[in-house]
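The values are calculated or read from the model by the stated rules, or taken from the named source; none is laboratory data. Remember, it's a predicted structure, so these values are computed and weren't measured experimentally. Please note: Cβ atoms are built from the backbone with ideal geometry, for glycine as well, and neighbour counts cover all protein chains shown.
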Amino acid sequence: MCEVWEAMNLRFLFAMAVSKCVYYGMRLLGRQASYLPGWFAVKLCPDYLRHIRKAETVICVTGTDGKTTTANLLSDLLAATGRTVANNRIGSNTEFGIATAMTCSVTLSNRCRVDAVVLEVDEHYARIVCPKVRSDYIVITNVLRDSLQRNAHPEYVAGKLAQIDCPHAKLILNADELCSALLLPENPRVYYAIARQEGDGVTPPNRVNDCPDCPRCGAALRYDYVRYAHVGHVHCEKCGLASPAAEWLAMALDGEHHRLTLRHGEETYTLPMLHDSVFNIYNELAAVAVLSEMGLSMDEICAALEATPLTKTRLDQIQVKGVAVVSMMAKSNNSLPVSMVFDYIRRKPGKKAVILALDDLDESKSSERIGWIYDTDYEFLNDESIVQILATGVRCWDHQVRLLLAGVPREKLVCKQDELAAIEQLHCKDLESVYLLHDMSSYSRSVTAMEKIRKVLEGAL
Ligand SMILES: [Zn+2]
């Protein structure tokens with residue numbers, strides 16, 4: 001009876017009709033239509049997300065880093081198994097963007113036409129969105145230091161996420177990240193983690209560590225191993241608090257053959273490793289845990305992983321006369337992801353050049369905020385294997401100052417605002433790889449830059 005009333009709620013139906021008209025109208029005009037259809041829906045019917053018919057499975061993905069990659073990966077994996085999926089991958093991860101995705105998931109008569117909905121949800125909106133869409137699963141990737149002007153301190157973000165009132169949703173959490181692992185203790189949960197690996201230290205390696213003390217008693221935490229920032233396995237000697245045990249534990253990581261060994265209960269599985277960077281392995285583990293909780297078999301998950309490359313806007317690679325040219329997204333304004341990319345590059349074998357194309361201008365084109373550059377570990381780029389660094393874009397001089405402070409020899413640096421002009425100065429001799437680090441907002445420019453790198457290498461080699 002309740003559902004019949006919902007379906008007949010005229011205000012809701014009117015809002016959906018308008019939302020669909022706006023969506024198809026904008027698409028006809030060649031616009032992306034990620035935000036406005038949902039804006040109309042919610043403005044006309046504030047409870048729009050509660051009324052809309054839900055798919056059999058609704059997955060929300062939130063957290064500081066990795067939510068876009070994880071949500072996209074989940075969508076791709078589900079599609080690879082033959083399921084129909086709606087998502088908000090084309091844009092906005094706020095309530096309005098999510099309302100647009102939900103509009104697309106139903107017919108005009110409010111009948112759901114997909115098997116699953118996968119929603120990337122901004123941390124600030126998770127407490128609003130997750131209950132309204134009746135999430136079955138909520139992935140919280142991590143709570144780490146983010147853009148200072150948007151998210152201040154991780155405790156502030158954790159406080160927002162702690163307000164998610166969705167008691168039946170199963171949480172999929174990273175046991176190696178304590179700030180998110182302890183959230184919403186009343187909810188059912190599954191943890192994933194990566195076991196100690198060769199090379200893991202016991203001292204946080206980054207300039208930034210936002211979780212040095214026990215959140216329960218305030219004593220200094222002890223790391224059994226740590227990978228980056230405060231991500232690792234930790235315990236408190238005073239009160240006994242420790243990182244939770246992980247149901248999904250990656251044991252061996254074979255980057256060379258792109259395989260990872262995963263332990264779940266008594267069983268051990270070997271899966272394709274989509275990418276060998278530790279942050280992408282965490283994303284993959286989160287996706288695998290969700291799919292398994294949904295009831296997919298490991299054979300089915302494995303086959304889907306084999307068929308699914310990582311989203312291209314995050315990672316792209318071409319070979320030019322034996323030189324690997326890799327385009328990687330590094331969220332500028334956000335010190336940890338950039339530091340992690342720096343760390344990843346320095347660990348790769350062979351002689352490398354790095355091109356920094358990290359613009360951190362916000363929507364109002366402000367150029368006042370450079371604090372993130374001093375939280376970022378440019379010291380990782382002061383490595384013998386990195387033979388040249390090209391600092392480009394509006395921040396090129398700031399990058400250069402920071403690189404010099406990190407001890408990078410001046411003769412390794414090229415500093416030019418025009419990235420195509422900077423690429424012309426690439427030293428190609430003996431180079432084995434070139435890494436182009438771009439921001440989400442500069443992806444289209446990075447495609448042009450990749451083409452320029454190809455031409456320079458082809459001309460020189
Ligand atoms: Zn303690």
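Checked against the criteria, Ser292 does not count as more than 16 Å from the ligand (Cβ to nearest atom) and touching an Asp or Glu at 6+ places or on another chain (Cβ under 6 Å). Residues satisfying the criterion are present in the stretch 302-309 (criterion: under 20 Å from Gly66 (Cα atoms) and either of a type in the set (Val, Ile, Thr) or in contact with a Phe, Trp or Tyr (Cβ under 9 Å, 6 or more places away or on another chain) (or both)). When restricted to residues that are touching a residue at least 60 places away in the same chain (Cβ under 8 Å) and hydroxyl-bearing (Ser, Thr, Tyr), the stretch 237-293 contains 3. If the condition is being over 27 Å from Thr261 (Cα atoms) and either polar (S, T, N, Q) or within 16 Å of the ligand (Cβ to nearest atom) (or both), then the stretch 199-210 contributes Asn206, Asn209. Restricting Arg150, Arg189, Arg227, Arg196 to those that are touching a helix residue (DSSP H, G or I) at 6+ places or on another chain (Cβ under 6 Å), among the basic types (Lys, Arg) and away from the ligand (no atom under 16 Å from the Cβ) reduces the list to Arg227. Restricting to the stretch 43-58, give me the number of residues that are in contact with a Phe, Trp or Tyr (Cβ under 8 Å, 6 or more places away or on another chain), closer than 19 Å to Arg11 by Cβ and crowded, with 20+ Cβ neighbours inside 10 Å. Total meeting the criteria: 4. Conditions first: (1) assigned to a strand (DSSP E or B); (2) modelled with pLDDT of 95 or more. Lys238 passes all but one, so which condition is the exception? Exception for Lys238: condition (1). Comparison of Val106, Val129 shows that the only residue that is within 25 Å of Thr84 (Cα to Cα), in contact with a helix residue (DSSP H, G or I) (Cβ under 7 Å, 6 or more places away or on another chain) and among the hydrophobic types (A, V, I, L, M, F, W, C) is Val129. Within the stretch 211-224, being surrounded by fewer than 18 Cβ atoms within 10 Å (Cβ to Cβ), under 20 Å from Leu336 (Cα atoms) and more than 9 Å from the ligand (Cβ to nearest atom) holds for one residue alone: Pro212. In this structure, does Lys20 turn out to be closer than 17 Å to Val129 by Cα, over 24 Å from the mean Cα position of the chain (by Cα) and surrounded by fewer than 21 Cβ atoms within 10 Å (Cβ to Cβ)? It is false that Lys20 is closer than 17 Å to Val129 by Cα, over 24 Å from the mean Cα position of the chain (by Cα) and surrounded by fewer than 21 Cβ atoms within 10 Å (Cβ to Cβ).
Applying a threshold of 7 Å to beta carbon distances and a minimum spacing of six or more residues, or different chains, the list of pairs starting in the stretch 323-351 at a residue that is outside the structural domain of Gly255 (by TED's automatic domain parsing) and ending at one that is charged (D, E, K, R) and assigned to a helix (DSSP H, G or I) reads Val325/Arg454; Ser335/Asp375. In the set (1) farther than 21 Å from Glu198 by Cα; (2) within 12 Å of the ligand (Cβ to nearest atom), the condition left unmet by Glu266 is number (2). When each of Ala287, Ala250, Ala246 is tested for being touching a Phe, Trp or Tyr at 6+ places or on another chain (Cβ under 7 Å), away from the ligand (no atom under 16 Å from the Cβ) and modelled with pLDDT of 95 or more, the lone residue that passes is Ala246.
Here is a check on your reading of the model: is Tyr435 hydroxyl-bearing (Ser, Thr, Tyr) and more than 25 Å from Thr141 (Cα to Cα)? Criteria met by Tyr435.
The numbered conditions (1) more than 16 Å from the ligand (Cβ to nearest atom); (2) out of contact with any Pro (no Cβ under 7 Å at 6 or more places or on another chain); (3) among the charged types (D, E, K, R) are all true for Arg259 except (2). Among the residues of the stretch 228-250, are any surrounded by fewer than 22 Cβ atoms within 10 Å (Cβ to Cβ) and touching an Asp or Glu at 6+ places or on another chain (Cβ under 6 Å)? The answer is no; no qualifying residue exists.
Whether a residue is charged (D, E, K, R), out of contact with any Ser or Thr (no Cβ under 7 Å at 6 or more places or on another chain) and either under 15 Å from Ile172 (Cα atoms) or without any contact (Cβ under 8 Å) to a residue 60 or more places away in the chain (or both) was assessed, and Glu56 does not pass this test.
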